[in-house]
Amino acid sequence: MKFDIDNCTLCPRACHANRTKQAGICGGRDTIRCARAMLHYWEEPCISGSNGSGAIFFSGCALHCRFCQNAVISAEPYGKYLTPERLAEIMLNLQNQGAHNINLVTACHFVPWVIDALGIAKKSLHIPIVWNTGGYETVETLQALEGYVDIYLPDFKFFSPETAKHYANAENYPETAKKALSEMLRQTGKPVFDGMLLKKGCIVRHLVLPKHRHESIALLQYLAETYGTDQFLLSLMSQYTPMQQDEQFPELNRRITKMEYYSVLDKAQELGFDGYLQDSSSAKEEYTPDFHLQGL
């Protein structure tokens, strides 16, 4: 795939920014920008394992969810500029520290340069590459990643266009995420493990939001009817934490209740999903990393 960064359409926003001269909607220019590289212990157990996942957090994001837990790096001009060569070195450093995988967090808007870095690092990497994404990806961009990515870790945030528009001004999110997930599953196939660690496959994450349990249940029903329950692992998350009070969206100013979460959990179990389920103790601010350029 040829990337046209002076008329950018890397993400579904297709803002057509000339990124050699200005930032796109994502906040990205024509150079990789990252906020931290670290051994991350709070991903799903088959990703973090005992040694940690080699997480690299990229700055900026095209989605701009109102409830973003990492807004300090996704919505603000924060981070360190890196060359593909330096990014490759960071990947190898994380591998040398014992990371079970290289976990690229929200890197969609830097795909051309990430592919360059992977092309360099892959010669010496012997651990899987994880593509950790909000699920808002074009099929064309994902196809460019085929052969580089071993594990896809997408969110499936919204099931209705109305909710997606309300919280992310992205009415096309549900349809986009459906197409993206189909492409991810085409590339990886069913989950493949080496002991307790995932080596290839897809984990679909869904964060249950306050007052949206019925939408979450509808999403689970769709996933089961469309793909079955053995094509990917489900990660059903209860960790929603209001990072600040939002007068425009008062329903987001609280954590989800046990009733809300367990009603969705019951549906997941009824449908026969395999994967990971969080308890309410995961809804803590300390589970959000401190972004201070460490490891870059």
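Observations, loosely collected:
- Length-normalised contact order of the chain in % [C-alpha pairs under 8 Å, at least 6 apart]: 17 percent
- Listed by Cβ neighbour count within 10 Å, with the fewest neighbours leading, TRP131, TRP42 appear as TRP42, TRP131.
- A crude spin-label estimate for the pair GLU140 and THR241, with each label 7 Å from Cα along the Cβ direction, gives 3.9 nm.
- Comparing ASP274, ASP116, ASP194 in a Gaussian network model of the chain, where Cα atoms under 10 Å apart are tied by springs, the biggest mean-square fluctuation is seen for ASP194.
- Straight-line cross-link partners of LYS21 among the lysines, defined as a Cα under 27 Å from its Cα and at least 8 positions apart when in the same chain: LYS2, LYS80.
- Residue order, fewest to most surrounding Cβ atoms within 10 angstrom, among LEU104, LEU92, LEU181, LEU252: LEU92, LEU252, LEU181, LEU104
- Span-rule helices in the chain, defined as complete DSSP H runs reaching 20 Å or more along the axis (Cα) with Kyte mean at least -1.0: 173-188, 213-227
- Taking the charge dipole of the chain about its Cα centre, with +1 at Lys and Arg Cβ atoms and -1 at Asp and Glu Cβ atoms, the residue from ASN101, SER235, PRO45 reaching farthest to the positive side is ASN101.
- Whole-Å distance, taken between Cα centres, linking the range 216-278 and the range 1-55: 25 Å
- Most mobile listed residue (PHE273, PHE249, PHE156) in the chain, GNM with C-alpha springs under 10 Å: PHE249
- Largest first and in whole Å, the equivalent-ellipsoid semi-axes of the chain read 27, 22, 19, each the square root of five times a Cα gyration tensor eigenvalue.
- The length gained on full extension between ALA218 and VAL192, counted as 0.36 nm times the residue separation minus their Cα-Cα distance, comes to 6.6 nm.
- Likely footprinting exposure, ASP30, ASP246, fewest C-beta neighbours within 10 Å first: ASP246, ASP30
- Close amide H contacts of HIS40 (hydrogens built in the peptide plane, cut-off under 5 Å, sequence separation of 5 or more or a different chain): SER53, GLY54, ALA55.
Only the coordinates and a few stated rules stand behind these numbers; no lab work does. Source: prediction; values computed, not measured. We place every Cβ from the backbone using ideal geometry, glycine too, and count neighbours over all the protein chains shown.
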